[in-house]
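Peer 1: Right, I'll just put the structure down here and ask away after.
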Amino acid sequence: MTAQTLTAFLDGLEQVAHAASTVEETYRREAAERFEVLAKERAYGFRRLNLMRSVVNAIAGSKDEDEAIVRGSAAFLQEVGWSSITEAQQEALEHFHPVIRAAWQVVESEDPEASFAKIGEELKGFEDWFGGARQSAFLSVLDREVVELPLVEVC
């Protein structure tokens, strides 16, 4: 083998190494993007659960649908952290009322399992409306800034 042949051989190995590096970086980027999607789905799933748990617990002792709407609305507002309601927030709350009504109908129903799907449909409809009207996912309203506190040792 001549020096040129060895250089050509090394050039070939370098091309293979760079190609592998490119494939690895592409995979890492795609995996990171997928991880973000999954993390968002998980976070939104728990936010949805916590919101509906609060609403359902709030309406549980209601005597009628009107009281359920009032109690469910209060739970909704507390869960999303809206203390002083703007016009846009009032509109969102009013669009959430069908979700509360559907949950109340489950409480009143003789066959509650048949009504569970209605709650999901109304919740999806609300989230779709909010996304279209506000150009962002409703569940992003529930984003909470995590404040990192310094670690302090106590002796």
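FYI, it's all coordinate maths here, none of it is from the lab. All values reported here derive from a predicted model rather than from experimental measurement. Every residue, glycine as well, gets a Cβ built from its backbone with ideal geometry; the counts of neighbours run over all protein chains shown.
Peer 1: Cα to Cα, under 25 Å, and not fewer than 8 places away if on the same chain: which lysines meet these conditions relative to residue 63?
Peer 2: 118
Peer 1: Further question on the same structure: Under a Cβ-Cβ cut-off of 9 Å, what is the net charge of the residues other than residue 102 that fall near it, where Lys and Arg count +1 and Asp and Glu count -1?
Peer 2: Around residue 102, the charge tally is 0.
Peer 1: Let me ask another. Rounded to the nearest 0.05, what FRET efficiency do residue 39 and residue 151 have when you use their Cβ-Cβ distance and R0 = 25 Å?
Peer 2: For residue 39 and residue 151, the calculated efficiency is 0.50.
Peer 1: So which residue, out of 53, 29, 71, gets the largest mean-square fluctuation from a GNM of the chain using Cα contacts under 10 Å as springs?
Peer 2: Answer for the Gaussian network model of the chain: 29.
Peer 1: Now for a different question. Positive end of the charge dipole of the chain (Lys, Arg +1 and Asp, Glu -1 on Cβ, about the Cα centre): tell me which of 74, 140, 106 has its Cα farthest that way.
Peer 2: Toward the positive end, the furthest listed residue is 140.
Peer 1: About the Cα centre, and with charges only on the beta carbon of Lys, Arg (+1) and Asp, Glu (-1), how big is the dipole of the stretch 43-142? Nearest 20 debye, please.
Peer 2: 480
Peer 1: Taking R0 as 35 Å, what's the FRET efficiency between residue 84 and residue 30 from their Cβ-Cβ distance, rounded to 0.05?
Peer 2: So, using R0 = 35 Å, E works out to roughly 0.20.
Peer 1: Can I get the semi-axes of the chain's equivalent ellipsoid? Compute them from the C-alpha gyration tensor as square roots of 5 times the eigenvalues, in angstrom, largest first.
Peer 2: Taking √(5λ) for each eigenvalue gives 53, 21, 15 Å, largest first.
Peer 1: Straight-line reach from residue 40: which aspartates and glutamates have Cα under 19 Å away, leaving out those fewer than 8 places along the same chain?
Peer 2: In chain and number order, the partners are 30, 79, 127, 128, 143, 145.
Peer 1: Can you check what the net charge comes to around residue 22, using other residues whose Cβ is under 12 Å from the Cβ of residue 22 (Lys, Arg +1; Asp, Glu -1)?
Peer 2: Once positives and negatives cancel, what remains is 0.
Peer 1: Something else: Picking from 13, 142, 77, which is most flexible by a Gaussian network model of the chain using Cα springs under 10 Å?
Peer 2: 13
Peer 1: Gaussian network model of the chain, Cα springs within a sub-10 Å range: biggest mean-square fluctuation belongs to which of 56, 106, 23?
Peer 2: Comparing 56, 106, 23 in the GNM, the peak value goes to 23.
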